[in-house]
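Okay, so here's the structure we're looking at.
The values are calculated or read from the model by the stated rules, or taken from the named source; none is laboratory data. Here the structure is a predicted model, which means the values were calculated and not measured. When we count neighbours, we look across all protein chains shown, and the Cβ atoms used for this are built from the backbone with ideal geometry, even at glycine. Accessible surface is based on the protein model in full, side chains and every heavy atom, while ligands, DNA and RNA are left aside. Shrake-Rupley method; radii C 1.70, N 1.55, O 1.52, S 1.80 Å.
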Amino acid sequence: MSFSASPRPPSGPPRRSLLVSAAGAAGAVLLVGCSGDPDSGEPAAERSAADAARARAGRDSEALAARYAAVIAAHPGLSERLRPLREEVLRHAKAFGAKGTGGTASPGASASSGASPSVSARAAGPGDDVGRVPADEKDAVALLAGAERKLADRRTEALLEVPGELARLLASVAAAGAAHVYLLTDGG
(Lines give C-alpha, C1' and ligand atoms only; values in the text may rest on other atoms or scores of the structure.)
Protein backbone atom coordinates (compact mmCIF):
# COMPACT_ATOMS: atom_id res chain seq x y z
CA MET A 1 0.00 0.00 0.00
CA SER A 2 1.44 3.35 -0.96
CA PHE A 3 0.63 6.74 0.43
CA SER A 4 0.69 9.78 -1.78
CA ALA A 5 0.59 13.43 -0.89
CA SER A 6 -2.83 14.99 -0.96
CA PRO A 7 -3.33 17.47 -3.80
CA ARG A 8 -5.33 19.68 -1.40
CA PRO A 9 -3.53 22.59 0.25
CA PRO A 10 -3.20 22.26 4.03
CA SER A 11 -6.18 23.59 5.94
CA GLY A 12 -6.02 25.77 9.01
CA PRO A 13 -4.43 29.09 9.78
CA PRO A 14 -1.16 30.05 8.11
CA ARG A 15 2.05 29.48 10.07
CA ARG A 16 2.57 33.22 10.57
CA SER A 17 -0.79 33.56 12.34
CA LEU A 18 0.05 30.67 14.61
CA LEU A 19 3.47 32.11 15.46
CA VAL A 20 2.11 35.54 16.30
CA SER A 21 -0.66 33.98 18.38
CA ALA A 22 1.75 31.66 20.19
CA ALA A 23 4.27 34.41 20.88
CA GLY A 24 1.53 36.75 22.08
CA ALA A 25 -0.08 34.12 24.29
CA ALA A 26 3.23 33.05 25.82
CA GLY A 27 4.15 36.66 26.45
CA ALA A 28 0.77 37.40 28.00
CA VAL A 29 1.02 34.43 30.35
CA LEU A 30 4.50 35.42 31.46
CA LEU A 31 3.69 39.13 31.67
CA VAL A 32 0.85 38.53 34.11
CA GLY A 33 3.17 36.98 36.67
CA CYS A 34 6.18 39.20 36.08
CA SER A 35 5.40 42.41 37.86
CA GLY A 36 8.10 43.64 40.16
CA ASP A 37 7.42 43.88 43.90
CA PRO A 38 9.36 46.59 45.73
CA ASP A 39 8.64 44.83 49.04
CA SER A 40 10.08 41.51 47.87
CA GLY A 41 12.98 41.62 50.30
CA GLU A 42 15.60 42.32 47.61
CA PRO A 43 18.49 44.54 48.70
CA ALA A 44 17.96 48.18 47.67
CA ALA A 45 20.98 48.16 45.32
CA GLU A 46 19.70 45.07 43.51
CA ARG A 47 16.21 46.55 43.28
CA SER A 48 17.67 49.80 41.93
CA ALA A 49 19.66 47.95 39.25
CA ALA A 50 16.57 45.95 38.33
CA ASP A 51 14.49 49.14 38.15
CA ALA A 52 17.07 50.71 35.84
CA ALA A 53 17.14 47.60 33.63
CA ARG A 54 13.32 47.54 33.53
CA ALA A 55 13.18 51.24 32.58
CA ARG A 56 15.82 50.75 29.86
CA ALA A 57 13.87 47.77 28.47
CA GLY A 58 10.70 49.86 28.42
CA ARG A 59 12.44 52.70 26.57
CA ASP A 60 13.92 50.20 24.09
CA SER A 61 10.46 48.77 23.39
CA GLU A 62 9.01 52.26 22.93
CA ALA A 63 11.82 53.15 20.52
CA LEU A 64 11.19 49.95 18.57
CA ALA A 65 7.46 50.74 18.43
CA ALA A 66 8.35 54.19 17.09
CA ARG A 67 10.47 52.56 14.40
CA TYR A 68 7.51 50.34 13.43
CA ALA A 69 5.26 53.42 13.33
CA ALA A 70 7.72 55.24 11.07
CA VAL A 71 7.89 52.30 8.64
CA ILE A 72 4.08 51.98 8.62
CA ALA A 73 3.73 55.72 7.96
CA ALA A 74 6.26 55.60 5.12
CA HIS A 75 4.91 52.36 3.63
CA PRO A 76 1.14 52.09 4.29
CA GLY A 77 1.03 48.89 2.23
CA LEU A 78 2.95 47.14 5.02
CA SER A 79 0.46 48.20 7.68
CA GLU A 80 -1.53 44.95 7.80
CA ARG A 81 1.66 42.92 8.18
CA LEU A 82 3.42 45.18 10.69
CA ARG A 83 0.63 46.51 12.90
CA PRO A 84 0.21 43.27 14.98
CA LEU A 85 3.95 43.17 15.63
CA ARG A 86 3.99 46.83 16.67
CA GLU A 87 1.04 46.26 19.00
CA GLU A 88 2.90 43.43 20.68
CA VAL A 89 5.99 45.64 21.08
CA LEU A 90 3.76 48.23 22.76
CA ARG A 91 2.48 45.55 25.16
CA HIS A 92 6.11 44.74 25.97
CA ALA A 93 6.81 48.40 26.75
CA LYS A 94 3.78 48.49 29.03
CA ALA A 95 4.90 45.28 30.79
CA PHE A 96 8.25 46.95 31.53
CA GLY A 97 6.37 49.92 33.00
CA ALA A 98 6.97 52.40 30.18
CA LYS A 99 4.58 55.30 30.36
CA GLY A 100 5.29 56.97 27.01
CA THR A 101 2.97 57.38 24.07
CA GLY A 102 4.22 54.26 22.36
CA GLY A 103 6.17 55.94 19.62
CA THR A 104 3.67 57.31 17.17
CA ALA A 105 5.10 58.32 13.86
CA SER A 106 5.61 62.00 13.32
CA PRO A 107 3.84 63.59 10.34
CA GLY A 108 7.25 64.19 8.80
CA ALA A 109 8.23 60.51 8.85
CA SER A 110 8.67 59.57 5.24
CA ALA A 111 10.67 57.29 3.07
CA SER A 112 14.18 58.48 2.40
CA SER A 113 16.86 57.31 0.06
CA GLY A 114 18.13 55.02 2.80
CA ALA A 115 18.85 54.69 6.47
CA SER A 116 22.29 55.16 7.87
CA PRO A 117 24.09 51.84 8.47
CA SER A 118 24.47 52.57 12.18
CA VAL A 119 20.72 52.92 12.63
CA SER A 120 19.78 49.90 10.54
CA ALA A 121 22.25 47.63 12.33
CA ARG A 122 20.80 48.04 15.83
CA ALA A 123 17.62 48.78 17.73
CA ALA A 124 16.57 52.38 17.94
CA GLY A 125 17.94 54.19 20.92
CA PRO A 126 18.16 57.68 22.30
CA GLY A 127 19.24 60.09 19.58
CA ASP A 128 18.50 57.72 16.68
CA ASP A 129 16.58 59.19 13.76
CA VAL A 130 13.59 56.87 13.98
CA GLY A 131 11.79 58.80 11.22
CA ARG A 132 14.37 57.81 8.59
CA VAL A 133 12.97 54.90 6.66
CA PRO A 134 14.38 53.32 3.50
CA ALA A 135 12.33 54.08 0.37
CA ASP A 136 12.22 50.39 -0.57
CA GLU A 137 9.69 48.30 1.40
CA LYS A 138 12.02 45.30 1.52
CA ASP A 139 14.80 47.44 2.99
CA ALA A 140 12.40 48.97 5.52
CA VAL A 141 11.33 45.52 6.72
CA ALA A 142 14.98 44.44 6.88
CA LEU A 143 15.63 47.52 9.05
CA LEU A 144 12.92 46.37 11.47
CA ALA A 145 14.20 42.78 11.49
CA GLY A 146 17.71 44.02 12.30
CA ALA A 147 16.40 46.21 15.12
CA GLU A 148 14.34 43.33 16.54
CA ARG A 149 17.32 40.93 16.33
CA LYS A 150 19.71 43.34 18.04
CA LEU A 151 17.26 44.10 20.82
CA ALA A 152 16.43 40.41 21.39
CA ASP A 153 20.16 39.64 21.59
CA ARG A 154 20.78 42.49 24.02
CA ARG A 155 17.91 41.33 26.23
CA THR A 156 19.18 37.76 26.21
CA GLU A 157 22.62 38.96 27.32
CA ALA A 158 21.04 40.97 30.15
CA LEU A 159 19.33 37.91 31.65
CA LEU A 160 22.28 37.09 33.91
CA GLU A 161 22.38 40.60 35.36
CA VAL A 162 18.79 40.91 36.61
CA PRO A 163 16.75 39.15 39.32
CA GLY A 164 14.37 36.27 38.61
CA GLU A 165 11.05 37.87 37.68
CA LEU A 166 12.64 40.51 35.47
CA ALA A 167 14.87 37.84 33.89
CA ARG A 168 11.79 35.79 33.02
CA LEU A 169 10.10 38.85 31.52
CA LEU A 170 13.22 39.72 29.50
CA ALA A 171 13.47 36.11 28.28
CA SER A 172 9.82 36.11 27.21
CA VAL A 173 10.13 39.40 25.36
CA ALA A 174 13.44 38.33 23.75
CA ALA A 175 11.72 35.16 22.51
CA ALA A 176 8.87 37.24 21.09
CA GLY A 177 11.46 39.47 19.39
CA ALA A 178 13.08 36.41 17.83
CA ALA A 179 9.67 35.33 16.54
CA HIS A 180 9.21 38.82 15.07
CA VAL A 181 12.56 38.47 13.28
CA TYR A 182 11.35 35.21 11.77
CA LEU A 183 8.07 36.77 10.69
CA LEU A 184 9.87 39.75 9.17
CA THR A 185 12.37 37.60 7.27
CA ASP A 186 11.74 33.91 6.52
CA GLY A 187 8.12 33.81 7.58
CA GLY A 188 7.08 36.96 5.75
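Tabulated data for the structure shown
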read-out: Residue match in the range 59-67 (condition: part of a helix (DSSP H, G or I), open to solvent by 60 Å² or more (accessible area, probe 1.4 Å) and at pLDDT below 95); value: no
read-out: Contacts under 8 angstrom Cβ, first residue in the range 167-188 being in a helix (DSSP H, G or I), partner open to solvent by 20 Å² or more (accessible area, probe 1.4 Å) and among the polar types (S, T, N, Q), 6 or more apart; value: 170/156; 171/156; 174/156
read-out: The range 57-80, residues that are under 14 Å from the mean Cα position of the chain (by Cα) and more than 15 Å from residue 146 (Cβ to Cβ); value: 57, 58, 59, 61, 62, 65, 66, 69
read-out: Selected residue [open to solvent by less than 60 Å² (accessible area, probe 1.4 Å), among the small types (Gly, Ala, Ser), farther than 24 Å from residue 47 by Cα and modelled with pLDDT of 85 or more] from 123, 176; value: 176
read-out: Identity of the residue in the range 89-102, in a helix (DSSP H, G or I) and in contact with a Gly (Cβ under 6 Å, 6 or more places away or on another chain), that ends up surrounded by the fewest Cβ atoms within 10 Å (Cβ to Cβ); value: 90
